[in-house]
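Before any comments, here is the structure.
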């Protein structure tokens with residue numbers, strides 16, 4: 001089995017996802033309805049989208065192919081648990097409030113960011129894990145009829161354990177863990193919920209937002225851009241083309257620098273750089289996603305960084321992860337967070353001459 005992509009997420013870039021699975025030998029809950037799992041991709045069936053684009057009544061069963069085979073969902077899910085770090089956004093956007101979710105590193109419980117607050121309302125899901133360490137007993141106690149894990153590094157062992165008592169839609173098959181485009185993950189979620197038509201409308205609306213920015217700023221297309229962070233002195237992360245942050249800026253029209261991908265370790269979504277490698281960040285636009293003004297000052301004070309033209313010509317942009325939550329929004333890069341991210345980042349980018 002290949003090494004999962006390491007999700008170097010802004011503010012928190014420590015170790016690779018942990019692989020612990022709580023022992024649940026006695027928790028094969030037949031009453032929850034075990035997953036119908038198959039050993040290979042299968043065509044998916046659901047209600048066709050009506051010609052006028054309006055919502056169609058879901059038709060079940062539906063079959064969703066994923067990394068570990070395929071899962072057939074027999075009836076509309078009522079109790080959904082999301083295990084991907086940002087999966088809750090697409091589920092919420094489709095009108096379903098998860099009963100359980102993983103914690104986004106304890107900084108914003110269950111991803112209750114500005115773009116999602118109204119969708120959650122007073123609802124508070126059970127926290128069933130952090131990153132890729134799931135509390136299987138808590139999940140089982142919620143008696144879910146569907147578990148979704150798209151932006152995740154779920155292991156086969158975890159998938160098999162969960163599938164003993166519920167339906168599980170694991171991460172997309174044709175992309176590295178944490179490397180699937182937001183459109184792919186959104187469609188997987190929409191299909192599992194029997195909401196294909198609504199899903200396509202969400203995706204179309206977001207695509208239109210990106211297209212509007214590209215039309216208004218054709219100059220972006222001729223610029224190379226890199227997204228980076230630094231968590232401690234002398235160590236820097238430059239994000240690859242599979243990272244949501246980089247994907248967000250390509251959809252605004254920018255080009256990425258291929259050298260960053262070649263410098264990343266296999267399966268990682270970021271290249272780790274020492275100060276001597278900072279020249280790889282000498283691009284037309286450099287976006288730093290940082291956690292504090294202290295981090296900004298430390299980066300700006302690095303002698304080798306000060307030699308870069310992108311710094312000398314003031315084409316670098318220091319974006320806060322939180323307060324306002326700009327970096328968090330394009331780190332999530334979901335159907336809910338993207339409009340917020342565009343509204344916040346567009347004027348900052350256009351201010352650079």
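The values are calculated or read from the model by the stated rules, or taken from the named source; none is laboratory data. Only a predicted model underlies this, so the values are computations on that prediction, with no experimental measurement involved. Cβ: placed from backbone, ideal geometry, glycine included. Neighbour counts: every protein chain shown.
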Subject >> Among (1) surrounded by 20 or more Cβ atoms within 10 Å (Cβ to Cβ); (2) at pLDDT 95 or above; (3) farther than 26 Å from residue 275 by Cβ - the single one residue 328 does not satisfy >> reply: (2)
**OP:** Go through 145, 132 for me and flag whichever is touching a residue at least 40 places away in the same chain (Cβ under 8 Å), surrounded by fewer than 24 Cβ atoms within 10 Å (Cβ to Cβ) and more than 16 Å from residue 65 (Cβ to Cβ).
**Re:** 145
Original post:
Considering only residues of segment 148-192 that are surrounded by fewer than 23 Cβ atoms within 10 Å (Cβ to Cβ) and within 24 Å of residue 97 (Cβ to Cβ), which is farthest from the chain's Cα centre (by Cα)?
Top reply: 163
Subject >> Given (1) touching a helix residue (DSSP H, G or I) at 6+ places or on another chain (Cβ under 8 Å); (2) more than 24 Å from residue 288 (Cα to Cα); (3) surrounded by fewer than 16 Cβ atoms within 10 Å (Cβ to Cβ), number of the condition residue 233 does not satisfy >> reply: (2)
Original post:
Applying the selection to segment 215-253, what residues are in a helix (DSSP H, G or I) and out of contact with any strand residue (DSSP E or B) (no Cβ under 7 Å at 6 or more places or on another chain)?
Top reply: 215, 216, 218, 219, 220, 221, 222, 244, 247, 248, 250, 251
**OP:** Could you list all residues from segment 211-221 that are in contact (Cβ under 8 Å) with a residue 12 or more places away in the chain and either farther than 22 Å from residue 315 by Cα or loosely packed, with under 13 Cβ neighbours inside 10 Å (or both)?
**Re:** 218, 221
Original post:
Quick check, is residue 277 more than 18 Å from the chain's Cα centre (by Cα), more than 25 Å from residue 184 (Cβ to Cβ) and surrounded by 16 or more Cβ atoms within 10 Å (Cβ to Cβ)?
Top reply: no
Subject >> Only listed residue being over 14 Å from residue 86 (Cβ atoms), modelled with pLDDT under 95 and part of a helix (DSSP H, G or I), chosen from 117, 191, 138 >> reply: 117
**OP:** Among the residues of segment 121-133, count how many are touching a helix residue (DSSP H, G or I) at 6+ places or on another chain (Cβ under 9 Å) and closer than 11 Å to residue 101 by Cβ.
**Re:** 6
**OP:** Answer yes or no: is there a residue in segment 297-313 that is under 24 Å from the mean Cα position of the chain (by Cα) and modelled with pLDDT of 95 or more.
**Re:** no
Original post:
Limited to segment 301-323, what total is found for residues that are over 13 Å from residue 287 (Cα atoms), surrounded by fewer than 17 Cβ atoms within 10 Å (Cβ to Cβ) and without any contact (Cβ under 8 Å) to a residue 60 or more places away in the chain?
Top reply: 9
Original post:
Which one is farthest from residue 235 (Cα to Cα) among residues in segment 278-295 that are modelled with pLDDT under 95 and in a helix (DSSP H, G or I)?
Top reply: 293
Subject >> Of residues in segment 55-84 being assigned to a loop (DSSP other than H, G, I, E, B) and either without any contact (Cβ under 8 Å) to a residue 12 or more places away in the chain or in contact with a strand residue (DSSP E or B) (Cβ under 6 Å, 6 or more places away or on another chain) (or both), the one surrounded by the fewest Cβ atoms within 10 Å (Cβ to Cβ) >> reply: 57
Original post:
Going by the conditions given, is residue 195 crowded, with 21+ Cβ neighbours inside 10 Å, closer than 28 Å to residue 64 by Cβ and within 18 Å of the chain's Cα centre (by Cα)?
Top reply: no
Original post:
Within the group 260, 352, which residue is outside any strand (DSSP E or B) and within 22 Å of the chain's Cα centre (by Cα)?
Top reply: 260
